[in-house]
Amino acid sequence: MKEIHVSKIIDAVEKLCIDSNYYLNKDIYKALVSALDAEKSENGRMVLETIIKNAEIAAEEKMPICQDTGMAVIFLEVGQDVRITGGNLYDAIQEGVRRGYKNGYLRCSIVKNPLKRENTGDNTPAVIHTEIVDGDGLKIIVAPKGFGSENMNTVAMLKPSDGVEGVVNFVIKTVSDAGANPCPPVIVGVGIGGTMEKAALLAKKALLRPLDSRSADPDIAELERNLLTEINKLGIGPAGIGGTTTALAVNIETYPTHIAGLPVAVNIGCHATRHASVIL
């Protein structure tokens with residue numbers, strides 16, 4: 001059995017909080033450059049050029065890509081043959097977030113009580129999702145989520161008879177209603193199946209998938225391509241000022257569901273859709 005001391009986890013989370021906020025993922029950078037080449041709107045091209053330059057400056061100067069450094073969302077894949085030593089796993093995650101936001105000079109945006117609105121002062125607590133997997137590794141994914149995009153997310157409990165057409169209509173309406181709010185060009189994560197909360201989690205996890213990957217299910221892969229085409233026909237464009245690039249990708253994750261339901265969730269990521277990971 002492999003042992004991992006909590007000090008390593010704290011250090012890893014601290015670094016991931018900083019790195020995810022400073023450095024745009026390579027697949028997203030590549031997609032933005034490709035979008036710039038394909039964008040037909042002059043205003044849209046100007047916005048894309050600014051977004052790309054902003055990411056380059058952030059990396060060079062070691063500063064956040066965006067002023068909204070997000071709520072820290074942590075995905076853990078814990079090997080069943082791993083033993084955490086020296087303290088509690090979740091406490092270590094929270095301490096890593098606390099240090100990362102302090103030492104990285106990242107904006108603290110979390111309030112203790114959603115109604116009383118008093119800031120916690122250190123961007124904790126993070127939201128943590130844990131999955132037990134085979135092996136003796138511990139994978140940590142830090143995905144800071146700003147609320148310009150998070151506020152645009154939706155869940156629908158469709159009827160089975162709504163079928164693929166119902167899913168398509170719901171996804172497109174969600175992106176259309178979001179407009180400029182999630183800082184397009186966006187990445188659209190879609191979760192289909194399970195229960196209400198499972199679909200929502202699938203949609204958020206879909207944002208972590210590389211933009212140049214497609215679903216292993218050929219029917220879902222085709223749906224991803226079709227949705228991307230239709231979304232880019234909306235004309236929202238970069239920054240919402242018009243253009244042919246409203247979304248960079250549509251990623252869909254599915255899960256078995258009940259015979260009486262068709263849960264669908266949409267989680268929209270902004271043009272940065274920040275995330276970074278490590279395996280300990």
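General remarks:
- Test: A12 is in a helix (DSSP H, G or I), farther than 17 Å from K145 by Cβ, within 20 Å of the chain's Cα centre (by Cα) and in the same structural domain as T130 (by TED's automatic domain parsing): yes
- Here D122 clears all of (1) without any contact (Cβ under 8 Å) to a residue 40 or more places away in the chain; (2) in contact with a Lys or Arg (Cβ under 6 Å, 6 or more places away or on another chain); (3) part of a helix (DSSP H, G or I) except the condition numbered (3).
- Subset of the stretch 146-167 [at negative phi and assigned to a helix (DSSP H, G or I)]: F147, G148, S149, E150, P160, S161, D162, V164, E165, G166, V167
- Test result for T130, in a loop (DSSP other than H, G, I, E, B), more than 24 Å from N226 (Cβ to Cβ) and among the β-branched types (V, I, T): no
- Matching entry among L115, L106, L158 (being more than 19 Å from the chain's Cα centre (by Cα) and either surrounded by 14 or more Cβ atoms within 10 Å (Cβ to Cβ) or among the hydroxyl-bearing types (S, T, Y) (or both)): L158
- Members of the stretch 118-137 found to be under 20 Å from the mean Cα position of the chain (by Cα) and surrounded by 14 or more Cβ atoms within 10 Å (Cβ to Cβ), listed by number: N123, T124, P125, A126, I128, H129
The values are calculated or read from the model by the stated rules, or taken from the named source; none is laboratory data. Only a predicted model underlies this, so the values are computations on that prediction, with no experimental measurement involved. Here the Cβ is made from the backbone with ideal geometry for all residues, glycine too, and neighbour counts use every protein chain on show.
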